[in-house]
Each structure stands twice: as structure tokens, then as C-alpha cells.
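So the structure is just underneath, and the comments pick up after that.
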Amino acid sequence: MSSEHTGFRLRLLSPLLGISAGSYVVLSLNTILAPWVALFWTVSCVLAFAAYYRGRKEVFSYRFRLITVLLLVCLAVAAHWPQGWQYVLAQALVVMLGIKLMELRTQRDAFQFCGLGVLGLAAASLVRFDLGFGGLILLFFFLGLVLILWQHVLDHTPDRAYRDSPGWGFASGLVVFALFLTVLTIILGLVVFFAFPRNISPALNLGEGMQTHLTGFSQEMSPGSVSEIVASNRIAFRAVIEDPVDPSRLYWRGAVLWETDGEKWTRGTPHDFQTNPVTASSLDHGLIRQSITLNPGTTEHLFGLYFPQRVLDVSPVNYNRDGTIKKDEPVETAIRYRVLSRAGDSGPLTTRESKSALAVPEDLDQEVVSLGKMFQDRDQDVWETAQEIMFYFGTQGFEYSLSAPEEFEQGQSLKDFLLRTRTGYCELYASAAAVLMRINDIPARVVVGFWGGEFNPVGEYWVVRDSMAHAWVEAWFQGRGWVLLDPTRMLEHTGMEEPGDDAAAAREEDGPQQVMSPGPATLDWLRWQWTNAIIDLTLARQVRMWRSVSSGIQDTWSGLSLPDLPRSWSRPDNGKLLLAAAAAIAGLALLLLRIYYPAGDQAKRLRQKAWKRLARKTPGRHHLQRPGSEQQVWRWWEENRPDMAAELKSLYHAQRYGPSPDLEKDRRLKTLLAGRLPCAYKQKKGYGTKSITP
């Protein structure tokens, strides 16, 4: 292949590097990027490459490009301002990036192009902060650096001098150098990251990376409220369970609802929240310990298994007697906390709790009341009555569905669900079961949270998604306390279960738990580690980390034991002897290095120093890496220093191309090049004058 053809192909690296680097910026903004802007970027890439291939200096005229960018930016403002300034900023930056790509011709253009790309990544950081975004930043930084360096080389190569264009070897070396700088930057960035505090979440919590989830529930539950959350498959939280539990009984408590009007349930808790948790000394044995990493959401509730008793590592936290734990405000950043839970609550029922848990709406439909009274039997206790109510849902043709029946698209009442459709989602089942139990004088309340999880075998933790949102019932029985009852699961089972019941363990396979496959499990583990090590690396954790490192170094140092030296060596007079021994060892090491150092490497270094000295001392920019590329340099010396050109040329050729370059010729070459530039050349270039003459 001819050198002209090779040089032409190498020149096409500039548009390819620009297209690749800009595409990573576009990918980082894809969650808020309008389709027309993405199309404009694609067209810009095609036009820029085609123009460069045909040898054109620019795509369209400067005036046309200026008018285009102004019109498109105005369009972005008009079309996307209602969505927020972040959306407008993203569209405008991509438009300007596409325009700049079409005029990418010099190193100055490369700097401007990369500057726009950095602004685009900064805009993307407002809406995402995930592991993939970090990879896009590194790729853009690497390609942008290669683009700037490569464009600098092309700026000093004549447009049509393809024979003089850098070869593939030079291009490969430049890429390796850019990769080295990228790795060095990553290392320095990690040092700065771990040494200094920073914000633990993206600004404004927008976008997919850390997008605000539908996690948790508000202070009320109406038909369809939980099913809206179920429609999302986003991760609500990840949990490490330290104690063995039944996988089919993973009920994650969120909010407890006491009051109802027959359709909607609200908190109406009979107890006030308090800031004092249950002390560790008063907790019973058999606690279930969990470590939960909660994603940002729209709720202030903190989730935990069964009956949470205490939350650690987060403050301030408010506790309620019914097991509800919440913060003062919604969780706006990813947080991690530990939970201590009990499998059940066998405490007594207070008067206020009894009044709230037995309240039946006065305007409740009489057909529903009549249905509830049919479970009453004087010969059975309340536990058996509760069993009959639960069996009712499993034996009377009830079906589970997230979609409303055809005749009830606008929603169905409790009467419609129990007596007509018998089809609904978990809110309807929980609401119906709680009302039927209250009609039969069984204290009951509704709990909303999550049920189940996906087990990640790589990190050994559970992934709980919004799609696992659930509602169930808790009823109070004398001698048992509050018992978890799930009428929705009665569609599958024929009996009641309690947390820790042996029968529940036998039906483990019926739960919604799943084991993630190796590929998704590894990817999710990486995301989880990103949250733990990067996003959640708070200032307190940084201090603990550095203290741990410091104590580890001290322990290692103190653990080193050296043999006892003879007493004579420890005398002050013998200190000189130790210094002399150390100097002798160092001298021997240097001698060995000198002996075994390859002579060929020294000759190579001397040849490199020769052409570097000549290129540095000759005015202008010259690339003399390739042998035989000194013609332009010799012309300059023959025109400006004819008195020393012949001697310099002879000495240079002997040092670079001769069989035995040595230090003596290197010193002579250095001395010869140390002379001053000719006065005529200084005056022509304006050296030492206040003005530059043409």
C-alpha cells in the first residue's frame, strides 16, 4: 500500500474520533434526549465524515451553520422548556456538538469540541450517576485526548502531503500515550475521590441512573394505589439478611393503615410517633438482622422484615408502636441502614388500638355486613372464624388480576369485589379481609410493603423491586398477638400461616422468590457495589476507612520483628560502620546494573537524543522520528547558518546513522547546537523586539 494512501486513511481518524467521542456524550444523555436531536446528531456525523473524505474544509458556510444552531437552540427552548431547564440544556449542547463536529479541522476546534462534550457530560450527571455513566466518561476522556493530540499532529502536516503524514506506528504510539494519561488520571481521580468528601447523589435526583422510584407508600391506600407501583420493575432496595429466614415469607413492612371508609385506608394510627427506639437490652432473642440499601423514593418510610424494632446507622428516625419506622422527610438519596426485626408481635392490645382495629364504617353496604356475619358461629373461637374468612377467598372462585374487570374499568367497590366480580389485586383482598374480620369483632389492620425478592448468589443479597409491592392483613388474637394473614395467597394455599411456622417452610417453593442467573446477578452486584463504595461513601465512612488503613499499617509495622543486633553494633561509635556497609551495598547494586545493562539500549538512546536535539534547536516544529526526514531541517540550516551546516550535518549523521554512537559525539553535538541563532533570523522573526515585522 502506498504511503499516500496510508496517509489519507490516517487523516480520516479525526472525524472518526470526533464521532465516537460525541456519540458517548449522546448516549449519556439518551434518557432526556429528544428524537429529533438524536436524528440531527446522526445527520451531522454522516455529513462531517463525508466532507472530510472528500477533502472539503467545512460543511456548509459559517453563516449557514450559525443560523442553524440559533434556530435549533430556539426550537429546543420552545419545545422542552415545560419539561425543565435540564432538558433544554441537553438538547442545546447536542445541537452545538453536532455543528462543531462539522467544522472539526484544527486543534482549536478539537479543544472546543471536547469542551462541549464535557458540558454535555456535566448535564448528564444531573440526571444519572450509575456505573454505565462512569464508563462513558472514561471512554469520552480517552478518545477526546487522542483527538486533541492527533489534530495537533495534523495541523503541522501539509494538507496534501500524504507522503509526510505520520504512519500507523506513530498513531499507535499516540494512542498508547493517551491511554497512559487516562489511566494516570483515573488513579489520581481515585486518590482525590477517597481523600475528599463529595455529594453522594446526582443533583436533583433526575434520570434513570438514580431516578426517583415509586418506592414505598403514602399515608393512605386506595384501590389501584399498590397496583400502580407493581407496574414498575425498578429496584426499590437491596437487602442482606444475616439470619436464616423462610424465603417464601419475606414480608417487608412499610406503612400500617388503621382507618377505612369502606374504600380507602389511611394511617389513623392510635399511637404517636416517637424518636426513642426500643433499646437493645429490651429486645428479645431471635432477632432478624438486615442491612438494606434503599434507593431514592417518594416515601419517608424505612422498610424491614415483619415487625421492625430498631434502625441503626440512620438518624433522625421516628418509631411507632405498630412497627412503622419512617424519617421526617422522603428519602431523596440512596441510603443504607441496618434493621433489627422480630418475627411476630405478641404484645397486648391497648384500648386505643382495639377501638381503631374494630371500627367499621357506618355507611358500609349492608350486603357486605351480611356476608361478614355469615362467618359467625357461637361454637367456634375467633381464630377459627378468621380461618373461615381466609378459606372463603381460596374456595369461592376468587381470581387475582391487576386489570379491572370489563364492566368496572373506573374501579370497583368493596361490594362489587366480594359479591360480583371476585377479581382484583392485593389491595382489594387485604381491604375485604380486614373489614370482614372487624365485622366479626376480630381486631385487624392493613399493612402495605413488599413481598418476596430475587436472590443474588454473587453478592448473597436480596433484590426487591417495585413490582413486588404488596398489601396484607394483620389480625390480633388473644395469646398470639398480631398475626400476619395474606388473603391474596389463599388463592394458592388452603390454610393460614404465621411467621416461623413449620408449615410455611414446607411450602417455600410457592413464594415469589427467584434466583438470578449468573449474568444479571454479576451485573447487579457491580451496581450494588457502585452504590456502596461510590455513592454511599459518606464523610464518616471515609474517616473510618482512613483510620482502618492507618491502624492496619501500624499493626503490620509493629508485627515486624527484627533479630537482635549485637550490643557492639548498637554503640554510637559504630554508626559509621553501618553507613559504610549501606554505601557498599548500594555501590555494588549500581555496579551490577551497569554490568548487566544492555549496550544496545544506550546506543538507541544516543540516536534518539541526536534527532531530538536537532529538532529542538531548529526553529519551527519538526518530526524527525523517521530516518531520512531531515531534508527541511537541513535546508533551514544551509540558508541561515551555512558556516556550521556542513559540520553539524556530518556530526549528526555519524551519531544517528553511524555504527557506534558515543557520549563524546553527543557532547560535541550539544556544544555545536548551543550557539545562538543568527541575528538576521532573529530580526526576521521579531526576537528581542517589541513588534514583529512582516
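Key figures
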{"item": "Single match in T333, T351 (criterion: among the hydroxyl-bearing types (S, T, Y) and touching a residue at least 24 places away in the same chain (Cβ under 8 Å))", "result": "T333"}
{"item": "Residues (at pLDDT 80 or above and assigned to a loop (DSSP other than H, G, I, E, B)) located in the range 578-618", "result": "T618"}
{"item": "Residue within the range 380-391 that is within 45 Å of the chain's Cα centre (by Cα), modelled with pLDDT under 85 and surrounded by 19 or more Cβ atoms within 10 Å (Cβ to Cβ) present", "result": "no"}
{"item": "Selection count where residues are under 27 Å from the mean Cα position of the chain (by Cα) and among the hydroxyl-bearing types (S, T, Y), scope the range 80-114", "result": "1"}
{"item": "Hits in the range 84-119 (condition: closer than 18 Å to L13 by Cβ and small (G, A, S))", "result": "A110, G117"}
{"item": "Residues of the range 259-271 satisfying the condition of being part of a loop (DSSP other than H, G, I, E, B) and over 20 Å from F450 (Cβ atoms)", "result": "D261, G262, E263, K264, G268, T269, P270, H271"}
{"item": "Meets criteria (part of a loop (DSSP other than H, G, I, E, B) and surrounded by 19 or more Cβ atoms within 10 Å (Cβ to Cβ)) for L89", "result": "no"}
{"item": "Inter-residue pairs, beta-carbon under 7 Å, first small (G, A, S) and in the range 411-422, second at pLDDT below 80, 6+ apart", "result": "G411/P223; G411/G224; G411/A404; S413/E263"}
{"item": "When residues of the range 238-258 are limited to those that are assigned to a loop (DSSP other than H, G, I, E, B) and hydrophobic (A, V, I, L, M, F, W, C), the one nearest to M516 (Cα to Cα)", "result": "L250"}
{"item": "Residues satisfying the stated conditions in the range 647-670, i.e. under 57 Å from the mean Cα position of the chain (by Cα), in a helix (DSSP H, G or I) and not basic (K, R)", "result": "Y652, H653, Q655, L663, D666, L669"}
{"item": "Test: residue in the range 266-285 that is within 32 Å of the chain's Cα centre (by Cα) and at pLDDT 80 or above", "result": "no"}
{"item": "Residue count for the range 332-350, restricted to those that are crowded, with 19+ Cβ neighbours inside 10 Å, within 22 Å of the chain's Cα centre (by Cα) and either aromatic (F, W, Y) or not in a strand (DSSP E or B) (or both)", "result": "2"}
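The values are calculated or read from the model by the stated rules, or taken from the named source; none is laboratory data. Just so we're clear, the structure is a prediction, and the values are computed from it rather than from any experiment. Cβ coordinates were reconstructed from backbone atoms using ideal geometry, including for glycine residues, and neighbour counts include every protein chain displayed.
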